[in-house]
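Here is the structure we will look at.
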Amino acid sequence: LDLELAAKGADASEVGSWLGSKALPRREFELAGHVRRETGRLALDGVRVRVGATTVEATGELGAPPRLVGTDLELRASGPDLTELASLASLARLRLPAGKFELEGRLLRRADGFAIEAAELRSRGTSVRATGRLGEPPGFSDLDLAVEASGSDLALLSSLARLRLPSGEFELDGRFLRRADGFAIENADLRTQGATIRATGTLGKSPRFLELHLAVEAAGPDLALFSRTAGVE
C-alpha cells in the first residue's frame, strides 16, 4: 500500500469506526498525507488531520487496530481550545484548562498502554514538559509521568490539580502517578512567589482527597500563600 490521501467530511466518527475507534466525535474533519503499509503496519508521512478546530500532524508508524499496539508517532497539534484536544484524546477526566494551545512530542502505544516521550504543551503562558506512561484510556489508571512545568500563573492549573491554587509565576517538577485508589506524587518541587514546597505521598481520590498522606517541606515569606488550598486560615 502506498497512497497520497485527501479526505473531508461532516462526521469524523465515521472514520473512527473504520479504525475501530470510538473516540472521534461527530465533527467536521479534513485529512491529507502520505500513507504506506510496511511489515504489516501503516507508515504515516506528514499526515495532517483537522477535527473541528483542532489540527494534528503525525509522522511515524501506526499499530494494528483496534488497540494500535506498536504505534510510534511524532506529533504536533494546535488549536484554539485545549479542552477540545482533551476530548479527542480521551483525556477529558484530566480537566485541562481552556485556551489556545500548541503540543509536540512522541506518542507510543505499548502492550501496557500509551506512553509519551519529550512531550511539551504550551498554553496561555504555561509550558508543561512530560515523559512517561499514560496507561489505558479513558481512565489512565496506570499513569506515571516525569513532569516539568513553568508559567505566568499557577492558578491556571487549578482545574487540572482539582485544588484552589494561588496566582503567580511558578516552576514545578516531579513525578506524578495515577492509581486505582487515587493519585501519588514523588519529590514534587513547586516554586512560586518566593516560596518553595516539596511533597511526596498520596492524594487519594479527587475532588476531596479524603485519604491524603503527604510528607511536606515548605519555606517562604508568607504562610498564608496556600491557606485556601489547604482549607486553613
Is it fair to say LEU108 is open to solvent by less than 50 Å² (accessible area, probe 1.4 Å) and in contact (Cβ under 8 Å) with a residue 24 or more places away in the chain?
yes
Single residue of ALA86, ALA130, ALA146 found to be more than 15 Å from LEU177 (Cα to Cα) and not in a loop (DSSP other than H, G, I, E, B):
ALA86
Could you grab me the full set of residues in region 127-167 that are in contact with a helix residue (DSSP H, G or I) (Cβ under 6 Å, 6 or more places away or on another chain) and open to solvent by less than 50 Å² (accessible area, probe 1.4 Å)?
LEU165, PRO166
Restricting the search to region 42-68, which residues are modelled with pLDDT under 90, in a strand (DSSP E or B) and surrounded by fewer than 18 Cβ atoms within 10 Å (Cβ to Cβ)?
ALA64
Please work out which one of (1) more than 30 Å from SER152 (Cα to Cα); (2) in contact with a Ser or Thr (Cβ under 8 Å, 6 or more places away or on another chain); (3) of a type in the set (Phe, Trp, Tyr) is the condition PHE101 fails and give its number.
(1)
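Conditions tested, residue by residue: (1) surrounded by 16 or more Cβ atoms within 10 Å (Cβ to Cβ); (2) modelled with pLDDT of 90 or more; (3) of a type in the set (D, E, K, R); (4) closer than 17 Å to LEU154 by Cβ.
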position	(1), (2), (3), (4)
ASP189	no, yes, yes, yes
ARG208	no, no, yes, no
ALA215	no, yes, no, no
ALA224	no, no, no, yes
Consider LEU31 carefully, then state whether it is assigned to a loop (DSSP other than H, G, I, E, B) and either at negative phi or under 25 Å from the mean Cα position of the chain (by Cα) (or both).
no
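The values are calculated or read from the model by the stated rules, or taken from the named source; none is laboratory data. All figures in this text were calculated on a predicted structure; none of them were measured in a lab. Backbone-built Cβ (ideal geometry, glycine too); neighbour counts: all protein chains shown. These area figures cover heavy atoms from the full protein model, side chains too; ligands, DNA and RNA do not enter into them. Shrake-Rupley method; radii C 1.70, N 1.55, O 1.52, S 1.80 Å.
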